[in-house]
Amino acid sequence: MKKNLISNLLLLFGSFVLLGSFAYRLLITSDIPVSYGMDEAITLHVLLFISTLLYICGSIISSQNGIHYTVIAVLALFMMLNIYFLNSDAEYFDVSYAQIAIAFILHPLFVILMNIFMLLKTRPSD
């Protein structure tokens, strides 16, 4: 009971941090005339790293396969949304924008892959 509560709280906090970092990305890459700097990009990557750690810790602590399936489904949806929003023909698409945009695709892929491995590990053997 306690493990499931801790796991759910970690996954919930990871989701909040991920949504906050997505909103921060939309803010710093919007069409405002001021371009973002190195400190905004580092802040964004730190937020993604914290979200990834929270997701991974929550997934490792969890022993229920339903939680792994839910994390895979939610992050797959988030990844598809980011691929849809990836606009590579814009005039502001440069190396720094690509690093920020690709991070939001690689983060869910890493967590999805880790959850698939957790599902394979907890699978009943024949």
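The values are calculated or read from the model by the stated rules, or taken from the named source; none is laboratory data. Because the structure is a prediction, the values reported are computed rather than measured. All Cβ positions, glycine included, derive from the backbone under ideal geometry; neighbour counts span all protein chains shown.
Details
- Criterion violated by I60 - all others in (1) more than 20 Å from F13 (Cα to Cα); (2) at pLDDT 85 or above satisfied: (1)
- For D31, the conditions (1) at pLDDT below 85; (2) over 21 Å from Y84 (Cβ atoms) are fulfilled apart from (2).
- Among the residues of region 86-126, the one identified as within 20 Å of F16 (Cβ to Cβ) and modelled with pLDDT under 85 is I100.
- Each residue in region 71-85 was checked for being modelled with pLDDT of 90 or more and either buried (at least 16 other Cβ atoms within 10 Å of the Cβ) or under 14 Å from N8 (Cα atoms) (or both), and 1 pass.
- Residue in region 26-36 that is closer than 16 Å to I116 by Cα and surrounded by 13 or more Cβ atoms within 10 Å (Cβ to Cβ) present: no
- Test: residue in region 61-82 that is of a type outside the set (S, T, Y), over 27 Å from S7 (Cβ atoms), part of a helix (DSSP H, G or I) and touching a residue at least 12 places away in the same chain (Cβ under 8 Å): no
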